Amino acid sequence: MDLESLVAIDIHTHAWKSALQPDAGLTESQAAMGRYFRYQPQHATVTEMAEYYRKLKMAFVVFTVDSPKEPRKITNEEIAELAHKNADVAIPFASIDPARGEEGVREARRLIKDFGLKGFKFHPSVQGFYPNDGLAYPLYEVIAEARLPALFHTGQTGVGAGQRAGGGIRLKFSHPMYLDDVAADFPDMPIILAHPSFPWQEEALSVATHKPQVYIDLSGWSPKYFPPILVQYANTLLKDKVMFGSDYPVISPERWLADFETLNIKPEVRPLILKMNAAKLLKL
């Protein structure tokens, strides 16, 4: 990967389409997300995503979500294999539901060893667990041993928004304060708090300020809606720990970057958020 040629690193994108099996179209949950974000998400394989990001001169972290609530259309293995074939722009993360227990722990070890995964994605609300629940700790131990980052959804989620009973999704699991426990117990595992953590933004900023290995990605929201306190911290105390993420395909990187241009971010901080902080964290 030629960092000098890249204008940005998108640390938060979703792979929804497999290159190995027929596309069954949007799930009910994905269609609801499109209505929530007022944007119809586009299906793309990892290879197609790589072509898209290559034209934008951006790299991207890509993953799926492993949960019985949202059946996967694409495997961790496929994401890894296609990302490695497009390693000039694509960086593969894996997703394993902590409820899979010891089988999931073995799977994590195998994916790291045999498929070169660069990090792990968790969605506590969709996967239905508190991040500080001991059931997830054996999985964290594997990730921490490999010194890989773990990215956690925090705050309200577009998944289930507008569906009956919110699609059964419980927002409480994604409170960022639960990750304070995880950060204290696993100091060698970098943690990324994904999204502006509505309605718990100040708690997220508190954890990221207090725990050295905790970062924040700015995905899932247009920058024009960022709360002032998030912009303030991104400009100052957390300028080395805040990173660009789009949440593609529900928000396009072009739209995110266009709105970011209008945000009151210091000139010297912009490249840190757009590329350098992620490059350092991912050891690119």
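Laboratory data are not the source of any read-out in this text; all were calculated from the coordinates shown. In this text the structure is predicted, and so the values were computed from the model without any measurement. For neighbour counting, all protein chains shown are included, and Cβ atoms are generated from backbone atoms with ideal geometry for every residue, glycine included.
Using per-residue counts of other Cβ atoms within 10 Å, averaged over each peptide, order 90-98, 102-110 from highest down. Please report the intermediate quantities before stating the final value.
Values: 90-98: 24.4, 102-110: 15.4.
Peptide ranking by packing, descending: 90-98, 102-110.
For segment 184-228, the direction-averaged projected area of the alpha-carbon convex hull comes to 3.3 nm².
What is the count of Lys pairs in segment 175-284 whose alpha carbons sit under 14 Å apart, if the two are 8 or more places apart or on different chains? All intermediate terms of the calculation are to be shown ahead of the outcome.
Values: Lys211/Lys241; Lys239/Lys266; Lys239/Lys275; Lys239/Lys280; Lys241/Lys275; Lys241/Lys280; Lys275/Lys283.
Lysine pairs meeting the criterion: 7.
Entry note, the chain: relative contact order of 20 percent, from Cα contacts under 8 Å with a spacing of 6+ residues.
Here the sum of -39500 (n - 2.57) over DSSP H runs of 4 or more residues, divided by the residues of the chain, equals -10000 deg cm²/dmol at 222 nm, to the nearest 500. The orientation-averaged shadow of the Cα convex hull for segment 88-179, equal to a quarter of the hull surface, comes to 6.8 nm².
Given a cut-off of under 8 Å on Cα pairs at least six residues apart, what relative contact order in percent is computed for segment 188-284?
Details: 122 pairs, mean separation 26.8, N = 97.
Averaging sequence separation for qualifying contacts and normalising by length gives 28 percent for segment 188-284.
Which log10 I(q)/I(0) values, to two decimals, does the chain give at q = 0.13, 0.16 Å⁻¹ under the Debye formula with one point per Cα? At q = 0.13, 0.16 Å⁻¹ the computed log10 ratios are -0.82, -1.36. Taking max minus min of the alpha-carbon positions on each principal axis, segment 150-284 gives extents of 45, 37, 28 Å, largest first.
The packing ranking, built from the mean of other Cβ atoms within 10 Å per residue, places the peptides 242-254, 180-192, 3-15 in the order 242-254, 3-15, 180-192, highest first.
Taking amide hydrogens as placed 1.01 Å from N in the peptide plane, the amide H of Tyr215 sits under 5 Å from those of Ile191, Ile192, Leu193, each at least 5 positions away in sequence or on another chain.
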